[in-house]
């Protein structure tokens, strides 16, 4: 597995992107700037990013790639 994939910055970035997409979907959906179906798709994309972040976090813990200095 590539080293950059289990890097802390990558894992945190995926989580932040997922959070921003989720907030954006809720905000745009509540103001009816996008259709309900588009908001749902955007929310699903957010969950994909967050799930990828959690999976990589677990993998980094199992492989011990985040070591304290």
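Values in this text are rule-based calculations from the coordinates and carry no lab data. Keep in mind that what you see is a predicted model, and the values were worked out from it rather than measured. When we count neighbours, we look across all protein chains shown, and the Cβ atoms used for this are built from the backbone with ideal geometry, even at glycine.
Taking Cα atoms only, the orientation of helix 36-63 departs from the longest principal axis of the chain by about 10 degrees.
Seen against the Cα atoms of the chain and their longest principal axis, helix 8-30 is set at about 10 degrees. What the Cβ-Cβ distance of residue 3 and residue 51 gives, at R0 = 25 Å and to the nearest 0.05, is a FRET efficiency of 0.70. Across every direction, the projection of the convex hull enclosing the Cα atoms of the chain has a mean area of 5.1 nm².
Normalising the average separation of contacting C-alpha pairs (under 8 angstrom, six or more residues apart) by the number of residues puts the relative contact order of segment 3-63 at 48 percent.
Inter-label distance, residue 26 to residue 12: 2.3 nm, where each label sits 7 Å from its Cα along the C-beta direction.
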